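Here's the structure we're looking at; comments come further down.
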Amino acid sequence: MEGDAAWADDSQTQFGLPGCAARPTCIAGAGVLPNGLPSGGDSASVKMLWDASARGRLGYLVTPDLLIYATGGVAWQNIEVSGQCGPYFVSAQYGGPNTVAPSITQSTTLTGWTVGVGLEGHVAGNWLLRAEYRFADFGSWSTSFPFVAVAPVNNNTYRFSNAVQTQLGMLGLAYKF
């Protein structure tokens, strides 16, 4: 049995919000704002914050100094999604000047499964070197960005689902007591 925990700061940003491209109010305005973002451009991002796992490991000694193994167990992934409506100077969603875009951030910790394979070999003395590949699947997380719009313009709530999977490649150096 073994476990691990890791911190990450990896994010992906996409211009546009689910269902927004076909709505004229989402593309109101034209040009570029001083911060370099397109006016009328909504955006959404997903950020991976940390992950952890608890796994079993079963292997075969190919030589007295080389172990090939499979691993699998339960995994956890903490992710954060952010949505930004706008920015544009005159927003049809907000009924007037709007130079700072309203944003919403939500986070969750998902539970899933992980499987992988690896090699572990004796280097010198009690030192071991390990190389491992793992795949993890956390299912889908459905949520929404409930932006508040000026009535009666629009219901500006965006619902979406994220399919969360990770692939990890690791190298490790260990000391056996």
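The values are calculated or read from the model by the stated rules, or taken from the named source; none is laboratory data. None of the values given here were measured: they were computed from a predicted structure.
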Next on the checklist: Can you pull out every residue in segment 86-112 that is of a type in the set (A, V, I, L, M, F, W, C) and at pLDDT 70 or above?
Outcome noted: Ile104, Leu110
Item to check | Enumeration of residues in segment 113-132 that are polar (S, T, N, Q) and modelled with pLDDT of 95 or more | outcome: Thr114
Next on the checklist: Please verify whether Phe135 is outside any strand (DSSP E or B) and modelled with pLDDT of 90 or more, treating the condition exactly as stated.
Outcome noted: no
